[in-house]
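**Q** Sending over a structure as structure tokens; questions will come in a sec.
The values are calculated or read from the model by the stated rules, or taken from the named source; none is laboratory data. Just so it is clear, the model here is predicted, and its values are computed rather than measured. FYI the Cβ positions are ideal-geometry reconstructions off the backbone, even for glycines, and counts take in every protein chain you see.
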Amino acid sequence: MSGLELFGIFFSALLINNILLIRFLALCSFFGVSTGIENSIGMSSAVIFVMTISSAISWGLYNFVLVPFQLEFLRTASFILVIAALVQLEEIYLKKMIPNLYRSMGIYLPLITTNCAILAVAFLAIDYRYSFIASMAYSVGVSAGYSLAIILFAYIRERMALAPIPKWFQGYPIAFVTAALMSLAFLGFTGMFGL
Amino acid sequence: METLLTAVIVLGLMGFVFAALLALASDYFRVEEDPRIAEIMKILPGANCGACGAAGCHDFASKLIAGEKESTGCTVGGQDVACKLSVLMGQANQTVIKKIAAVRCGANENRRIKKAKYDGVKTCAAANLISGGGLACLYGCLGYGDCLCVCPFDAIKMENGLPVIDLKKCTACGKCVTACPRGIISLRPHDFKVVIACSSRDTGAQTRKNCPVGCIACGICAKAVPEVFAVSDNLAAIDYSKTGVDCSAAIQKCPTKCIVEN
């Protein structure tokens, strides 16, 4: 697989098929955590961290355990198992080895266990029949796209907190409208480089 | 049937391996935390305001155990928390001087003299950068309520363009003190209720031009109650360590009525 193809996978995951704004996955955290820039940066760093590692491990599990035993139908159960165990393991590891990173990630690390984007990336990398390197590029791209979208959205929401908004639009209504407009803007990337 | 069996075995093995891994990891990477930290955290208010100088309540707890902070360090908790903490730490009980925020400006919307109309961003920080927001006095309250926005305890409200501290809610966390771009708000002891409601360091004549209620540094208060009041740098100041002195003579004699009691 050439470097250009890998870049294509990464770029497609980052912008053209952005996990939040085009595929509409992981929307709960998109609206829940984007109230402040600091929160969204914490969440996205945790997502990048967990998504990359969990997709690597689930790729290995699928190709070296489930396929040889012809147990492909078990992938949902086993991937959830992998992600839950992995997040726990990472939490234990970080608490001991890198306490500062653990404290800055705080509540977001355990929250990720239920983030559907993590599971989706593990599934999609297999559906697309990616090689290991390609699935790594894909998961890094998806998590970078997640960070891009949620941090941009947090910036807009911080500005909106100061804007004169009619009372019936305050809070989630205006956030939904904004997310829809951002999603429309991201549609503009469709067809870029023929991806 | 065979598929079912392999499925059960593989999934069961996976669960077992992960469980064993987690059990091993939690033992290998166990963090020994002082059990007192959890107990201190229960006593502390948990506002994470940072008024003590530590980065949140957890940091304060670990610094208290390390001996870097006093049990009286939590201003939000006050005497009550200090008592409990000193019992827990086995230290002698110390009295806390309860503090409260004081606004050292008395010029409300009607009394303010404006040189220009300010039409920019409605925050004190922004207005202060642009020629003092059109206000004649370079020391006075701008009235856009930056202090109100940062107060984590909802203890400040704006009345007629001037912040008013809710004496019951204020915990002296000091957020408003740093938020005010003009440094008008400071902390005073809760029981010493006298405040100089002016921060102007202009000369008396200049202050009189700029504000009807400014301190003109006439020194009458210092003559009336010399134990407490002193004038320096064109501004009267209160020595808050002198408790129990009757200040009513100075309050009554102040010609611009900028010494207030609340």
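**Q** Can you tell me which residue within the range A:54-78, out of those that are of a type in the set (Phe, Trp, Tyr) and at pLDDT below 90, is surrounded by the fewest Cβ atoms within 10 Å (Cβ to Cβ)?
**A** In this case the residue turns out to be A:PHE73.
**Q** Look at B:ILE37 and say whether it is more than 11 Å from chain A (Cβ to nearest Cβ), of a type in the set (Val, Ile, Thr), under 18 Å from B:ALA82 (Cβ atoms) and surrounded by fewer than 17 Cβ atoms within 10 Å (Cβ to Cβ).
**A** Yes: the conditions hold for B:ILE37.
**Q** Residues that are more than 22 Å from A:TYR128 (Cβ to Cβ) and in contact with a Pro (Cβ under 9 Å, 6 or more places away or on another chain): does the range A:64-87 have at least one?
**A** Yes, the range A:64-87 contains at least one residue that is more than 22 Å from A:TYR128 (Cβ to Cβ) and in contact with a Pro (Cβ under 9 Å, 6 or more places away or on another chain).
**Q** Another one. In contact (Cβ under 8 Å) with a residue 24 or more places away in the chain, assigned to a loop (DSSP other than H, G, I, E, B) and buried (at least 20 other Cβ atoms within 10 Å of the Cβ): does that describe A:LEU25?
**A** yes
**Q** Exactly one of these conditions fails for A:VAL65: (1) more than 20 Å from A:MET136 (Cα to Cα); (2) at the interface with chain B (Cβ under 8 Å from one of its Cβ atoms); (3) in a helix (DSSP H, G or I). Give me its number.
**A** (1)
**Q** I'm trying to understand the selection: among the residues of the range B:167-222, which are under 26 Å from B:PRO45 (Cβ atoms) and among the hydroxyl-bearing types (Ser, Thr, Tyr)?
**A** Those that are under 26 Å from B:PRO45 (Cβ atoms) and among the hydroxyl-bearing types (Ser, Thr, Tyr): B:THR171, B:THR178, B:SER186.
**Q** Can I ask one more? For the condition within 19 Å of A:LEU25 (Cα to Cα), hydrophobic (A, V, I, L, M, F, W, C) and free of Cβ contacts under 8 Å to residues at least 60 places away in the same chain, what is the one hit in A:ALA46, A:ALA84?
**A** A:ALA84
**Q** A:ALA77 versus (1) more than 16 Å from the chain's Cα centre (by Cα); (2) more than 14 Å from every other protein chain (Cβ to nearest Cβ); (3) not basic (Lys, Arg): which is the lone unmet condition?
**A** Condition not satisfied by A:ALA77: (2).
**Q** When the range A:84-127 is examined, which residues are found to be within 13 Å of chain B (Cβ to nearest Cβ) and among the small types (Gly, Ala, Ser)?
**A** A:ALA84, A:ALA85, A:SER104, A:GLY106 - these are the residues of the range A:84-127 that are within 13 Å of chain B (Cβ to nearest Cβ) and among the small types (Gly, Ala, Ser).
**Q** Return yes when B:VAL164 is over 13 Å from the mean Cα position of the chain (by Cα), surrounded by fewer than 20 Cβ atoms within 10 Å (Cβ to Cβ) and either in the same structural domain as B:GLN79 (by TED's automatic domain parsing) or modelled with pLDDT under 90 (or both) and no when it is not.
**A** Criteria not met by B:VAL164.
**Q** (1) in a helix (DSSP H, G or I); (2) out of contact with any Ser or Thr (no Cβ under 8 Å at 6 or more places or on another chain); (3) not hydroxyl-bearing (Ser, Thr, Tyr): which one isn't true of A:MET43, the others all being true?
**A** Among (1) in a helix (DSSP H, G or I); (2) out of contact with any Ser or Thr (no Cβ under 8 Å at 6 or more places or on another chain); (3) not hydroxyl-bearing (Ser, Thr, Tyr), the lone unmet condition for A:MET43 is (2).
**Q** State whether one or more residues within the range B:1-9 are surrounded by 12 or more Cβ atoms within 10 Å (Cβ to Cβ), free of Cβ contacts under 8 Å to residues at least 40 places away in the same chain and more than 14 Å from chain A (Cβ to nearest Cβ).
**A** Scanning the range B:1-9, I find no residue that is surrounded by 12 or more Cβ atoms within 10 Å (Cβ to Cβ), free of Cβ contacts under 8 Å to residues at least 40 places away in the same chain and more than 14 Å from chain A (Cβ to nearest Cβ), so the answer is no.
**Q** Specify the residue that is surrounded by the most Cβ atoms within 10 Å (Cβ to Cβ); the eligible residues are those in the range B:99-121 that are among the small types (Gly, Ala, Ser) and part of a loop (DSSP other than H, G, I, E, B).
**A** So the residue we want is B:ALA107.
**Q** Considering only residues of the range A:20-74 that are within 13 Å of A:ILE126 (Cα to Cα) and aromatic (Phe, Trp, Tyr), which is nearest to the chain's Cα centre (by Cα)?
**A** Among those that are within 13 Å of A:ILE126 (Cα to Cα) and aromatic (Phe, Trp, Tyr), it is A:TRP59.
**Q** Right, another one. Of the residues B:THR178, B:THR243, B:THR256, which is within 26 Å of the chain's Cα centre (by Cα), surrounded by fewer than 21 Cβ atoms within 10 Å (Cβ to Cβ), assigned to a loop (DSSP other than H, G, I, E, B) and not charged (D, E, K, R)?
**A** The match here is B:THR243.
**Q** Here is a further query. Assuming B:GLU32 fulfils every condition listed in (1) within 13 Å of chain A (Cβ to nearest Cβ); (2) part of a helix (DSSP H, G or I); (3) surrounded by fewer than 18 Cβ atoms within 10 Å (Cβ to Cβ) apart from one, which condition is it?
**A** In the conditions (1) within 13 Å of chain A (Cβ to nearest Cβ); (2) part of a helix (DSSP H, G or I); (3) surrounded by fewer than 18 Cβ atoms within 10 Å (Cβ to Cβ), B:GLU32 misses (2) alone.
**Q** Quick check, is B:GLY56 within 22 Å of the chain's Cα centre (by Cα), within 10 Å of another protein chain (Cβ to nearest Cβ) and not aliphatic (A, V, I, L, M)?
**A** The answer is yes for B:GLY56.
**Q** Continuing with this model, one more query. Among the residues of the range B:156-209, write down those that are more than 14 Å from B:CYS137 (Cβ to Cβ), of a type in the set (A, V, I, L, M) and out of contact with any His (no Cβ under 9 Å at 6 or more places or on another chain).
**A** B:ILE156, B:MET158, B:VAL164, B:ILE165, B:VAL177, B:ALA179, B:ILE185, B:LEU187, B:VAL194, B:VAL195, B:ILE196 - these are the residues of the range B:156-209 that are more than 14 Å from B:CYS137 (Cβ to Cβ), of a type in the set (A, V, I, L, M) and out of contact with any His (no Cβ under 9 Å at 6 or more places or on another chain).
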